1. So is TYR90 open to solvent by less than 30 Å² (accessible area, probe 1.4 Å) and of a type in the set (Phe, Trp, Tyr) or not?
2. Can you pull out the strands (runs of 3 or more DSSP E) entirely within region 1-99 that have at least 2 residues that are in contact with a Leu (Cβ under 6 Å, 6 or more places away or on another chain)?
3. Taking the condition over 22 Å from GLY144 (Cα atoms), among the aromatic types (Phe, Trp, Tyr) and in contact with a Pro (Cβ under 7 Å, 6 or more places away or on another chain), does PHE84 pass?
4. Please tell me if MET115 is buried (at least 21 other Cβ atoms within 10 Å of the Cβ) and either closer than 25 Å to VAL45 by Cα or within 19 Å of the chain's Cα centre (by Cα) (or both).
Amino acid sequence: MTIPAFGLGTFRLQDDVVIHSVKTALELGYRTIDTAQIYENEAAVGQAIAESGIERSELFVTTKIWVENLSAEKLIPSLKDSLFKLRTDYVDLTLIHWPSPGAAVSVKESMQALMAAKEAGLTRQIGISNFPIALMKEAIEAVGVENIATNQIELHPYLQNEQVVEFAQEQGIRITSYMTLAYGQALKDEVIKAIAQKHQATPAQVVLAWAMQLGYAVIPSSTKRENLAGNLHAQDLTLDREDMDKIHALDRAQRMVSPEGLSPSWD
């Protein structure tokens with residue numbers, strides 16, 4: 001089992017907006033959809049998938065367990081509720097969305113509960129999200145590195161998270177980049193715009209191609225058909241070494257997602 005390199009994110013999209021986004025994306029050829037319990041859009045995503053008529057076996061669906069559901073007694077029931085909303089018997093990937101605040105639930109407990117969900121056939125793969133190195137080590141100790149498919153983290157040209165990436169890749173854990181376009185800030189960057197012009201591409205395609213060439217999976221979101229289509233073609237763009245070096249030089253450790261009470265101690 002592998003993590004697809006390219007998919008659709010649904011963060012901050014709800015109701016008719018997310019239904020339209022998912023349906024449009026599926027029409028265009030997307031087959032990977034990322035959601036989460038806290039997004040409160042699993043039912044809408046499930047409706048969009050059902051109405052698309054696409055076979056479940058053709059899709060790769062990810063959801064994430066919210067912090068309130070990380071205990072052994074709550075995790076599997078919460079995942080079953082997610083499956084009900086998504087109108088499916090299983091998801092392809094389930095992640096711990098954020099580490100338990102204040103370690104109220106240990107990484108070991110939540111990861112072993114997630115492993116039990118995998119063994120029960122509720123999810124094909126399991127993984128983590130927003131885990132720094134110390135907590136990645138705890139997750140590995142809990143279930144074995146071979147059972148951790150990915151660590152989904154904020155990663156974009158302005159926050160390249162190299163220590164976390166290096167450790168994960170050394171362990172064979174795939175990095176999934178979220179917020180890859182830096183809330184749109186990267187699309188206005190003059191360096192990225194120049195690279196886009198050079199390749200007759202869009203700035204979004206450049207940034208997404210950069211991330212995928214580094215081996216990361218990406219899950220950009222959009223509500224516009226034109227942008228959804230354009231993002232999809234990032235898979236066809238190859239940047240040269242000079243392009244990659246210029247984007248690498250943009251790193252300024254600018255974290256855009258740091259929820260109070262949730263964020264761990266980052267490397």
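1. no
2. Values: elements: 32-34, 60-65, 91-96.
Qualifying strands (runs of 3 or more DSSP E): 60-65.
3. no
4. No; evaluated as a whole, the condition is false for this residue.
The values are calculated or read from the model by the stated rules, or taken from the named source; none is laboratory data. No experiment lies behind these values; they were computed from the predicted model shown. Quick reminder, even Gly has a Cβ in these numbers, built from the backbone with ideal geometry, and neighbours come from all protein chains shown. Note: accessible area is taken over every heavy atom of the protein model, side chains too, but ligands, DNA and RNA are not part of it. Shrake-Rupley method; radii C 1.70, N 1.55, O 1.52, S 1.80 Å.
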